[in-house]
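Visitor: Below is one structure. I have some questions about it.
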Amino acid sequence: MENMDCGASRQTRKRKLQEQDECALSFFSMDELNQDLLENVLSWLPTSTFFRLSLVCKRWKSVADSASFKLACSQIPSREPWFFMVDHRLNQSIIFDSAERGWKRLNHPPYFAQNANSNSMPISASGGLVCFRSDAGNFIVCNPVTGSCHDLPPVDPGPKNQCLHAIAMNTNQHSYKLILVSGELPKLSFKVYNSSLNLWEEEVSLKRKVDETLEFDSNGDDAVYFLSKAGNVVATDMQRSPSKQFSSVFTLKDGEEIVYFLNSTGTVVACNLTRKCFSEYPRLLPPFSEYSIDVVECRGEMFVVLLSEVFGSASLRVWKFDDGMRCWIQIAAMPPSMSHEFYGKKVDVNCVGAGNQIFICLNSAEFFSYVLCDLDTNKWIELPKCTINGEAMEFMSAFSLEPRIEASV
């Protein structure tokens, strides 16, 4: 009995200690944290909470404005992407927050409120920044989270009637580049804005890369098409959303910087900035086929999203070019039950990649839809409509960014 009583006594003391610990935790307040620790804790919150920090209390407002808090945020390895949406009115900043799986409306940056008539259109994004282009051809780089903006120096227009094909952006922790590819095939060149120097570097010419295993005569009868099973449909001009006029992606492959864009016939052109050369990929479909196509970057690789009509239905697929086999291979395909509704509606696809996901805007005169594709699982999810004041918003396209308050313009 004595031993049993002692055991019961020890259990009672242990239970009391546990209750005291739980009580202490229940009364723990974040106000007890020193400033550095508080900033480090808050830096792990989703970026969307940044807008609410200043509303909690004066101390948290001081955190939101602190340079050391931005430094703490920069130490977070990655953020769930935002998809910056583009509507035809260009007067709203709306994003789809993949972390919270919901739509959010941002305060329009002061720059655009003061220059309401500039009609600037987003044309590229990277890291935590979005690049806009004005009607006059000037570029503005903006951080949508903080609203900070920077006017880039005017770029030399170059020779008259020189066609601008691609606008791509690349960022690192401390700087960013804006890359312009222009010219007329086979004479292409590129120009780079370097934010570290705040200037446009000298224009560089690109030479055509001669590789018979990769390139084909697009006008010849012997051209090889890798999507021949899709059949032939009535030819029409490609549809392009104005915001994707300069649709392009940037990749860093084996230490080489490459910009991919679509030419006017839907052929993918790869511009190797490191080697100062370019090449054209084989077509996915013959030039007389009707389809909508876009290029995206995911996991550091270039993919093509293509919507075509096949045997009385529509097919939406993701393709990747295999350098070893020298051909296109299918990576993912939307279930026919989802893609069939696009048949005969002349749908335009505009896509953007983020991590292992592709965000797809589908638009036609009859309907609009937004879909997320997971490349790892081939899972396709149609997103709910974005509703403002009872009206469902239609977006032309989207740009992917990693929301970071520390991203500097």
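The values are calculated or read from the model by the stated rules, or taken from the named source; none is laboratory data. None of the values given here were measured: they were computed from a predicted structure. Positions of Cβ are generated from backbone atoms using ideal geometry, with glycine treated the same way; all protein chains shown enter the neighbour counts. In case anyone asks, the SASA skips ligands and DNA or RNA and just uses the protein heavy atoms, side chains included. Shrake-Rupley method; radii C 1.70, N 1.55, O 1.52, S 1.80 Å.
Visitor: How large a share of the accessible area of region 122-183, in percent, is made up of carbon and sulfur atoms when the probe is 1.4 Å and the other protein chains stay in place?
Guide: The nonpolar share, carbon plus sulfur, comes to 47 percent.
Visitor: Starting from 0.36 nm per residue, how many nanometres of slack lie between GLU256 and SER74 once their C-alpha separation is accounted for?
Guide: This chain segment gains 62.9 nm when fully extended.
Visitor: Output the relative contact order of region 344-409, whole-number percent, from Cα pairs under 8 angstrom with separation of 6+ residues.
Guide: 27
Visitor: Right, here's the next one. What nm value, rounded to one decimal, do you get for the distance between LEU164 and VAL56 when each label is placed 7 Å out toward the C-beta?
Guide: 4.2
Visitor: Between LEU197 and ASN119, what length comes free when the chain is fully extended (0.36 nm per residue of separation minus the Cα-Cα distance, one decimal in nm)?
Guide: Contour length minus Cα-Cα distance gives 25.3 nm.
Visitor: With a point put 7 Å past each Cα toward its Cβ, work out how far ASP135 is from ALA67 in nm, to one decimal.
Guide: It works out to 4.0 nm between the two label points.
Visitor: Leaving out ligands, DNA and RNA, what percent of the accessible area of region 272-384 is carbon and sulfur, probe 1.4 Å?
Guide: Reported share for carbon and sulfur atoms: 52 percent.
Visitor: Quickly work out the ASN172-to-PHE311 label distance, labels modelled 7 Å from Cα along the C-beta direction, and quote it in nm with one decimal.
Guide: Placing both labels 7 Å along Cα→Cβ, they lie 5.0 nm apart.
Visitor: Quick check on my link table: of LYS61/LYS177; LYS253/LYS320; LYS177/LYS244; LYS346/LYS379, which ones sit more than 22 Å apart, alpha carbon to alpha carbon?
Guide: LYS61/LYS177; LYS346/LYS379
Visitor: Right, something else. Run through all the Cα pairs of region 293-366 and give the fraction in each 10 Å bin from 0, expressed as whole percent.
Guide: Result, from short to long distances: 19, 50, 26, 5, 0 percent.
Visitor: Which chymotrypsin sites (Phe, Trp or Tyr not before Pro) in region 352-409 sit in a loop by DSSP (not H, G, I, E or B) and have at most 14 other Cβ atoms within 10 Å of their own Cβ?
Guide: Counting only loop positions with at most 14 other Cβ atoms within 10 Å, the chymotrypsin sites (Phe, Trp or Tyr not before Pro) in region 352-409 are PHE367.
Visitor: Which order do ARG101, ARG133, ARG275 take by accessible area at a 1.4 Å probe, largest first?
Guide: ARG275, ARG101, ARG133
Visitor: Continuing with the same structure: For region 251-377, what relative contact order do you get, as a whole percent, if you take Cα pairs closer than 8 Å and at least 6 residues apart? Kindly include the intermediate steps, with their values, before the conclusion.
Guide: Values: 247 pairs, mean separation 20.5, N = 127.
After rounding, I find 16 percent.
Visitor: Separate question: Per residue, what accessible area does region 321-409 have, given a 1.4 Å probe and all protein chains present, in Å²?
Guide: 42
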